[in-house]
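Quick notes on the structure that follows.
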Amino acid sequence: MIQRMAKVEILGLKDVALEAIDAIHELGTLHIEDLSEKIPKMGGKRISRMEIDPKYADQVATLNTLRSKVGDMIRDLQLAVQEIPKAEVQKEYDAIWSEDVDVMIGRIKKIIDEVEQEVKDPLDRKADLMMELSRLETYAPIMQKIQPLAERVSKIEDMASIALVIERKFKAILNYLNDEISKITEGECEIISADVDEESTAALIVFNRRFLKQVHDFLAVQDVNQVRLPSDLAKKPLEEALTEIRARIKQIPEELEKIEEHLSEATKKYAIKLIAARNAIHDRIEAIEAVPKFAQTDQVFIISGWLPEECFEELEKVMLEKFGNKVVVTVTDIREEEELEETPVALKNRPFVRYFEIIYLLSKYPKYGTVDPTVVFAIFFPIFFGIMVGDIGYGIIITALGYFVFKKFRNKPLLSMGGYVLTVSGAWTIFFGILYFEVFGDLLEKALHHWGVHLPLLGSEHSFISFPINRLEAFTLMMLVSCALGFIHIGVGLVIGMINGYREGNKKHILEKAGGLTFLIGLLVAGLGLAKYIPKFFGPIGIVFALVGVVMATAGAGMGGLIETIVSAGNVLSYARLIAVGLASVILAQVTNDLTRQLWHGVFGVIVGIVVAILLHTLAVVIAMFSPSIHALRLNLVESFNKFFEPAKFRYEPFRKTGGEE
């Protein structure tokens, strides 16, 4: 349900403004209203937007610099933020926090200095070693390829060589280089190449030494990479240099391991302090930057916002205890339509319904003062899902998977909510699977037939209702069930629309929704009467009801109401998708089983059949989790919610200390 909100106004002397803001921030229950755009409407030339003191502006700049440094340290030390105990972080946070911003900045700087003193040199050395290792690992295979050729060239008097590395896809450039360097060296040039790996090619350019400068100058302006060894290896023979490179490649990981051990100790020592410092910086900046949302006069500050009614007494108590009569908290009524539009929405549902609030990832919250439809979604979504999938085997898998996700990811709300919805939907899938007698399609039916048990167990093949229900044959029954569910679902939406109209004092809205409901009831009664499911004289009565409903809807919303009411009959028929998607699921499962049975000959056939069955049934489960979910969502959001849903402008987002972790 939607929580009842109280709109409050806090007035106080400006000399305690920042302390009051900190107290509100610490309490964390007030959704701040931005008064900067409303000041012209507040009346009085003395009211203006509250400005940040230049002193605090400088402090924000300093805090932003510190936040950048702390963030870099957290990344460099690769802190596992989620694994650090929140209680310990909070304890360190309290030690860093101070009402005096300069004192807090001093504490954070001290932590940064301590960390830098211990980790700066090791981090720099680690970066150098990793760069060196990367470079040497590039050199080694290239040098291994060119070494034999280079050694032969070095023994030839007056000949020089230059090694290149080229991407294999640009290997054709070697022909161009050969032509151009041949011109420079008057034909005394040869290029020898060999592929190093799948991406690169090594090339050795051999030419007369007297053209060394000209060749170097030419290559300097070409888009090619020359192999340049470190200065300590450049003058050594290639074989000796290659040996040293290989030895160094083995040595560097040992050095890195020692550095990692040192950094690991530093991480244990400073992880909590750095996370706490980051959180404190974020919260302090947020508190200071909130100031322009408030109003002021020469002597008084004004803060306006909303909070749940149950939290008002605590806010009033805190303000009274900390500031006495220097700060006054008052409640204003939320009555006007504009105020209802601006009021932020907070939902407070029971655990079963709360997890279905995942629907609001696709939709805004319902408007304040209207009915929260989460419970409607929580009831109908899993039922629609179950009707469409309706298989005991698939249901067990979906339920188990959903429950695993729900339990495994309790700390990740989105995954946890999705897992819970999947679990409930899987349970309904099992329920309808029992009604259909389906286990991975027709496996159970075939097994019973093999054991001499013939279906249906209750009723006969010619009965309108029998058990189990054969979805492939009981089309009329399934169509009636689908339309009945559609009628109930849309009817609930229209009733909620009437309630919303009543709460908003909108009589025309009530009349429109009541007309739509009357129209549907009239059509239902007329249809049942004409089909002789009820006495025939109810047919004309139903038609009269339907016409009255059309008149009511037109009176309530004009031509739009007339069209919407007539379209609602088509909306009911839209629920026939419950049959269509369900039949697709059944047919896929049965095709899988038939294919498996055809392969079920000999040892090899049995193995192939099992593999095919597993693959296709897995595919069917995946499809069963996605396709029915999409159709069930559509029926809720498009067919039902459209009859009553009014989106909220704002969600309730209290001004509170979060450390930026939300």
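For this structure, a couple of remarks:
- Each 10 Å bin from zero up to the one holding the largest Cα-Cα distance in the chain carries the following percent of pairs: 3, 10, 13, 13, 14, 14, 14, 11, 6, 2, 0, 0.
- Pairwise centroid distance, computed over Cα atoms, of the range 57-106 with the range 305-355, Å: 30 Å
- Mean residue ellipticity (222 nm) of the chain, computed from DSSP H runs ≥ 4 via -39,500 (n - 2.57), nearest 500: -21500 deg cm²/dmol
- Across the range 570-585, computed HN-Hα scalar couplings (Karplus, 6.51 cos²θ - 1.76 cosθ + 1.60, θ = phi - 60°) run x, 4, 4, 5, 4, 6, 5, 4, 4, 6, 4, 5, x, 5, 4, 5 Hz from first to last residue, x flagging Gly and Pro.
- Spin-label model distance (nm) - residue 53 vs residue 508, 7 Å beyond Cα toward Cβ: 5.4 nm
- Residues in the range 477-502 that a label on residue 465 would reach, taking backbone N under 16 Å of a point 7 Å out along Cα→Cβ: 477-485
- Neighbour cut-off at most 15 other Cβ (10 Å), DSSP loop, chymotrypsin sites (Phe, Trp or Tyr not before Pro), the range 520-605: 533, 537, 600
- Accessible area in square angstrom per residue, the chain, 1.4 angstrom probe: 54 Å²
- The heavy atoms of residue 634 present about 90 square angstrom of accessible area, all protein chains included, probe 1.4 Å.
- Relative to the Cα centre, the charge distribution of the chain, modelled as +1 at Lys and Arg Cβ and -1 at Asp and Glu Cβ, gives a dipole magnitude of about 2020 debye.
- Take 391-399, 546-554, 428-436 and order them by the average number of nearby Cβ atoms within 10 Å per residue, most first; the result is 391-399, 428-436, 546-554.
- Of every Cα-Cα pair in the range 394-445, the percent that sits beyond 12 Å: 60 percent
- Reachable aspartates and glutamates from residue 364, criterion Cα separation under 20 angstrom, eight or more residues apart if same chain: 33, 337, 338, 339, 341, 342, 372, 504, 639, 646, 653, 662
- Accessible surface of the chain [probe 1.4 Å, protein heavy atoms]: carbon and sulfur percent: 59 percent
- Whichever lysines have a C-alpha closer than 16 Å to that of residue 183, once near sequence neighbours (fewer than 8 apart) are set aside: 213
- Exposure ranking of 362, 599, 494 by accessible area [1.4 Å probe, largest first]: 362, 599, 494
- Approximate shape of the range 1-87 as ellipsoid semi-axes (Cα gyration tensor, √5λ), whole Å, largest first: 34, 22, 12
- The convex hull of the Cα atoms of the range 539-613, projected and averaged over all directions, covers 8.0 nm².
- In the range 278-433, the ratio of gyration radius to Kirkwood radius, Rg to Rh, stands at 1.15 when only Cα atoms are counted.
- When DSSP beta bridges are restricted to pairs lying wholly in the chain, around 95% turn out antiparallel.
- A straight Cα-to-Cα reach below 23 Å connects residue 258 with the lysines 120, 126, 250, 268, 269, residues fewer than 8 places away in its own chain not being considered.
- Pairs over the 26 Å Cα-Cα cut-off, from the set 86/293; 513/649; 367/643: 86/293.
- Peptide ranges 118-131, 23-36 listed from the most packed, as the mean C-beta count within 10 angstrom indicates: 23-36, 118-131
- All other residues whose Cβ lies under 15 angstrom from that of residue 497 are scored, Lys and Arg at +1 and Asp and Glu at -1, for a net of 0.
- Full-stretch length increase - residue 128, residue 530 - with 0.36 nm per residue and alpha-carbon distance subtracted: 136.0 nm
- Between helix 312-323 and the chain there is an angle of about 50 degrees, using the helix long axis and the longest principal axis of the Cα atoms.
- Helix 392-408 and the long axis of the chain differ in direction by around 60°, with both axes built from C-alpha atoms.
- Where chymotrypsin sites (Phe, Trp or Tyr not before Pro) fall in DSSP loop in the range 464-499, at most 13 other Cβ within 10 Å: 464
- Two-site FRET efficiency, residue 198 against residue 135, from Cβ-Cβ distance with R₀ of 25 Å, rounded to 0.05: 0.80
- Overall form of the range 553-662 per C-alpha gyration tensor (a/c, 1.5; a/b vs b/c): oblate
- Judged by the ratio a/c of the largest to the smallest principal axis of the C-alpha gyration tensor, the range 95-136 counts as prolate, that ratio being 1.5 or greater while a/b is larger than b/c.
- Dipole of the chain computed with +1 at Lys/Arg Cβ and -1 at Asp/Glu Cβ about the Cα centre; of 540, 263, 402, farthest Cα towards the positive end is 540.
- Of the peptides 648-655, 47-54, the ranking by mean beta-carbon count within 10 Å, highest at the top, reads 648-655, 47-54.
- Local electrostatic count at residue 99 - Lys and Arg +1, Asp and Glu -1, tallied over other residues with Cβ under 9 Å: -3
- Each of 640, 389, 472 was placed along the dipole of the chain (beta-carbon charges, centred on the mean Cα), and the one lying farthest toward the positive end is 472.
- Using the Cβ-Cβ distance between residue 60 and residue 169 with R0 = 45 Å, the FRET efficiency computed as 1/(1 + (r/R0)^6) comes to roughly 0.35.
The values are calculated or read from the model by the stated rules, or taken from the named source; none is laboratory data. Remember, it's a predicted structure, so these values are computed and weren't measured experimentally. Using ideal geometry, Cβ is built from the backbone for each residue, glycine included, and neighbour counts are taken over all protein chains shown. Heads up: the accessible areas ignore ligands, DNA and RNA and are worked out on the full protein's heavy atoms, side chains in. Shrake-Rupley method; radii C 1.70, N 1.55, O 1.52, S 1.80 Å.
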